Amino acid sequence: MHGPALSGWLMVVLCAVTGVYCLLRMRASAGEERRAAGGEAVMGFGMASMALPAAVLTPPEWSWAVYAAVFGGAALHGLAAVRHGGHHLHHLVGSLAMVYMAVSMAAPGAGAHAGHTAGAAGGIPVLTGGLLLYYMVYVLHAGTRLVPVAIPATAAAGGPGPTAAAGGPGPVMAGRPGPGRGPSPDWAARPELALACRLSMALAMLAMLVTL
């Protein structure tokens, strides 16, 4: 297995695993978090299929139109959801980037599979550069947020908080199910796992954009 094919398979595995995790998180979440997880699952599986090595699967010409239509619809949904804040703006940028790559690959003379033949696709340098800059900043920002933060010794050695000392309920953990909701798996309530998935897809997006 040569280098480009190996990197392509690694990207396929990374994006597919991310998509599967997002589907599981979608089942264990509700509201805006559920919708965000669904959008990330679509993005992960779409990137995985787009990254398949050309030696394994040569996509038909109409497949790029399907990509553009699917992620164009996702972009419209993201545009309508941006007002809710959260990660919807990032989802919108990701959907537009997928549409851009699909259109670039569908351009005449761009017959290579995305993510494998550098310079084969018909991208617009200024737009490609802007997306690369956005994802580089996002990767650096997300990476710093995942770095463990040392807990001060005074906080680690301290007793229970004022609420617990008074006999009241302890602090409510973010992401835990509220009254009337069923139990949620621990992994579904950990925001660092969702951030790690977004970071993985941002890295994969960088690798694919570099080839345009």
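The values are calculated or read from the model by the stated rules, or taken from the named source; none is laboratory data. From a predicted model like this one, the values you see are computed outputs, not experimental measurements. Note that we place each Cβ from the backbone using ideal geometry, even for glycine, and neighbour counts take in every protein chain shown. Heavy atoms of the whole protein, side chains included, go into the accessibility calculation; ligands, DNA and RNA do not. Shrake-Rupley method; radii C 1.70, N 1.55, O 1.52, S 1.80 Å.
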Check: Which one is nearest to the chain's Cα centre (by Cα), of the residues in region 187-204 that are at pLDDT 75 or above and open to solvent by 70 Å² or more (accessible area, probe 1.4 Å)?
Finding: L203
Check: Within region 69-79, can one find any residue that is open to solvent by 40 Å² or more (accessible area, probe 1.4 Å), in contact (Cβ under 8 Å) with a residue 40 or more places away in the chain and of a type outside the set (D, E, K, R)?
Finding: no
Margin query: If S7 meets every condition in (1) surrounded by 19 or more Cβ atoms within 10 Å (Cβ to Cβ); (2) under 15 Å from M208 (Cβ atoms) apart from one, which number is that one?
Written below: (1)
